[in-house]
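The values are calculated or read from the model by the stated rules, or taken from the named source; none is laboratory data. Given the structure is predicted, the values throughout are model-derived calculations rather than measurements. Here the Cβ positions follow ideal geometry from the backbone for every residue, glycine too, while neighbour counts run over all protein chains shown. The protein model used for the area step is the full one, side chains on, heavy atoms only, and it has no ligands, DNA or RNA in it. Shrake-Rupley method; radii C 1.70, N 1.55, O 1.52, S 1.80 Å.
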Amino acid sequence: MYMVSLDSSKCEGCGECVAPCPVSLMEMVDGKAEVTGDPAECMGCETCVEICPNDCFTVQEL
Ligand code: SF4
Ligand code: SF4
C-alpha cells in the first residue's frame with residue numbers, strides 16, 4: 001500500500017501532474033495542485049514524483 005503527499009507550498013501551478021496520475025488523485029485548486037482524491041489510493045507509480053519540477057510529491061510505501 002502506498003500513500004502520496006503533496007507540499008502545495010512548493011507548487012508553481014504548472015498542472016503537469018494532474019492528467020498523468022492513473023488514479024486521478026490530483027486536481028488544480030486556486031492555481032495549485034491538491035490531492036483531492038484518497039491519498040491511500042496511490043498506486044506508487046511515482047509518475048508525479050518524476051514529472052513535478054519542484055519536488056512537491058512524496059510517495060511512501062506503508
Ligand atoms: S505515485 Fe502515481 S498513483 Fe500515486 S499520486 Fe503519483 S501519479 Fe498518482
Ligand atoms: S507538477 Fe508540481 S509544480 Fe506542477 S502543478 Fe503539479 S505539484 Fe504543482
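Carbon and sulfur: what percent of the chain's accessible surface (1.4 Å probe)?
Result for the chain: 47 percent of the exposed heavy-atom area is carbon or sulfur.
Can you give the Kirkwood hydrodynamic radius for the range 2-61, in Å, rounded to one decimal and based on Cα pairs?
Here the Kirkwood hydrodynamic radius works out to 11.1 Å.
Full extension from Lys10 to Cys45: what is 0.36 nm times the residue separation minus their Cα-Cα distance, to one decimal in nm?
10.5 nm
Just to be sure I follow the definition: excluding the sites themselves, where is the longest run in the chain that has none of the GluC sites (Glu not before Pro) in a DSSP loop with at most 16 other Cβ atoms within 10 Å?
Longest stretch, sites excluded: 17-45.
Per DSSP H run of n ≥ 4, the term is -39500 (n - 2.57); total these for the chain, divide by its residue number, and report the mean residue ellipticity at 222 nm rounded to 500 deg cm²/dmol.
-1500 deg cm²/dmol
Compute the distance in nm between two label points, each set 7 Å from the Cα along the Cα-to-Cβ direction, one at Glu61 and one at Val18.
Result for the modelled spin labels: 3.2 nm.
About its Cα centre, what dipole magnitude does the range 2-61 give when the only charges are +1 on Lys and Arg Cβ and -1 on Asp and Glu Cβ, stated in debye to the nearest 20?
In debye, rounded to 20, the range 2-61 gives about 60.
Before I look further, what does the range 2-61 give for accessible area per residue, probe 1.4 Å, in whole square angstrom?
59
Remind me, relative contact order of the chain in percent, using alpha carbon pairs under 8 angstrom and six or more residues apart?
48
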